Amino acid sequence: MRSWLLTLLLAAAPLAAAPTATTLPAQPLIERMRDAQHLNFDLVFASDGDQALELTGLEVTLFDRQGRFFSQRRLDRNGDPTTMSLATLPNRTLPAKGRLVVFNPFASFGPDQWLGDLRYVATFRAGEDGPESRVELRVAPRAFEPKTVLRLPLDGEVFVHDGHDLLAHHRRLDITGGMTTHFGITSNFMRYAHDFTIADAQGRLFRSDGATPEDWYGYGAPVHATGDGVVVAMRDGMRDNRKGGPPPFEQDAIMKDLTLFLGNYVVIDHGDGEYSLFAHLKQGSVRVRDGQRVRSGDVIGGMGMSGDAFLVHLHYQLQSGPRWEEGLPAYFTNVRIRTGADWSAPFTGPVDSGDVAR
């Protein structure tokens, strides 16, 4: 093809409308784990164009305090379409005049790496052979500094059945989904949540078949206030579920009252913008009422299986408001983690998926 004709065709080709990018939350936090640092936030891409765009690459570059690059990671299309690193992102299509939520895949870093200056670069393509667009976002995470002294909500050994790592369901709430859109939810209130259970020495959660809540080791286990505060919301009286059975509410009811998901629950205001939510409590076990002041360690209820629960557990999370506001990291004091050979030294910090803690 003659060079002048190629130039003419390229000039006439439509340019892909460049999407915009933001983070959720607007101020990403650094969660300091026992042996790592975690970045638990979402990348939200938006387009006002008339054509859907496909995410074709995502890269993060780390800069030091002097602005010098010192590390870089990426997801791309190098390799087979089903095994390429980009395929680890299940949804890569940015709809026309829509939004795409990407759960930050570069989530874990060494304990001594500086994470104060990150550059994210995403590339999009309009169709398989269409024009490519590039969006850049500079992110400055800050270390979370807890204001409330917290203890674990259960005594003895507890098993974190599901926490808030990159693969945990709490972590993967899409704010563009139907339910979140219906309720006007614009943040992930369970971003740092935990599902605490009690297991035996073989990791089993129930004694026989788990058909009744009473067969589960954790059923009725005392749930303690994680810190001082005032009860600002609660519910009791919802029956506990049965393993494999339907939840005790209809879809229409949920669409009117999202708190039905929580089952029997308690919310404690610790002050300074930190709130604890305890959910799926045992029917009839809640010992506190709205407005009641509690102290750290007070028994507030029992572990149950109420609400949207398919196993006996305690759903616990720290959050920035009393309802559906952004989640916050929970730093528990004097925690030990089972290591296999022994227990870790006591530390103050988070626990996460798979941990056995006390």
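The values are calculated or read from the model by the stated rules, or taken from the named source; none is laboratory data. No experiment lies behind these values; they were computed from the predicted model shown. Cβ coordinates were reconstructed from backbone atoms using ideal geometry, including for glycine residues, and neighbour counts include every protein chain displayed.
In this structure, A199 does not satisfy being outside any loop (DSSP other than H, G, I, E, B), touching a residue at least 24 places away in the same chain (Cβ under 8 Å) and not charged (D, E, K, R).
For the stretch 14-32, taking the residues that are at pLDDT 95 or above and small (G, A, S), the one that is nearest to A96 (Cα to Cα) is identified as A21. For the stretch 106-124, the set of residues classified as crowded, with 17+ Cβ neighbours inside 10 Å and either under 28 Å from G178 (Cβ atoms) or among the hydrophobic types (A, V, I, L, M, F, W, C) (or both) consists of F106, A107, F109, L115, L118, Y120, A122, F124, listed by residue number. One residue stands out in the stretch 192-204 among those that are surrounded by fewer than 20 Cβ atoms within 10 Å (Cβ to Cβ) and within 26 Å of the chain's Cα centre (by Cα): the one that is nearest to T333 (Cα to Cα), namely A199. For the stretch 243-325, the strands (runs of 3 or more DSSP E) that sit wholly inside it and include 3 or more residues that are farther than 15 Å from G218 by Cα are 264-271, 274-281, 314-319. Is it the case that the stretch 132-139 has a residue that's over 19 Å from the mean Cα position of the chain (by Cα), assigned to a loop (DSSP other than H, G, I, E, B), touching a residue at least 40 places away in the same chain (Cβ under 8 Å) and closer than 29 Å to P350 by Cβ? No, because not a single residue in the stretch 132-139 is over 19 Å from the mean Cα position of the chain (by Cα), assigned to a loop (DSSP other than H, G, I, E, B), touching a residue at least 40 places away in the same chain (Cβ under 8 Å) and closer than 29 Å to P350 by Cβ.
Do we find that T226 is of a type outside the set (G, A, S), closer than 26 Å to G321 by Cβ, touching a Leu at 6+ places or on another chain (Cβ under 7 Å) and assigned to a loop (DSSP other than H, G, I, E, B) in this structure?
Values: of a type outside the set (G, A, S): yes; closer than 26 Å to G321 by Cβ: yes; touching a Leu at 6+ places or on another chain (Cβ under 7 Å): yes; assigned to a loop (DSSP other than H, G, I, E, B): yes.
Taking the combined requirement at face value, the residue satisfies it.
Among the candidates D298, D252, which residue alone is over 15 Å from W324 (Cβ atoms) and in contact (Cβ under 8 Å) with a residue 40 or more places away in the chain? Step through it out loud before you land on a result.
Working: D252 fails: in contact (Cβ under 8 Å) with a residue 40 or more places away in the chain.
The unique qualifying residue is D298.
Among the conditions (1) under 28 Å from F109 (Cβ atoms); (2) out of contact with any helix residue (DSSP H, G or I) (no Cβ under 8 Å at 6 or more places or on another chain); (3) touching a residue at least 60 places away in the same chain (Cβ under 8 Å); (4) not in a strand (DSSP E or B), the only one that D174 does not satisfy is (2).
Conditions tested, residue by residue: (1) out of contact with any strand residue (DSSP E or B) (no Cβ under 8 Å at 6 or more places or on another chain); (2) in the same structural domain as S320 (by TED's automatic domain parsing); (3) within 26 Å of Q27 (Cβ to Cβ).
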site	(1), (2), (3)
H164	no, yes, yes
L167	yes, yes, yes
R172	no, yes, yes
I175	no, yes, yes
G178	yes, yes, no
T181	yes, yes, yes
G184	yes, yes, yes
F189	no, yes, yes
H194	no, yes, yes
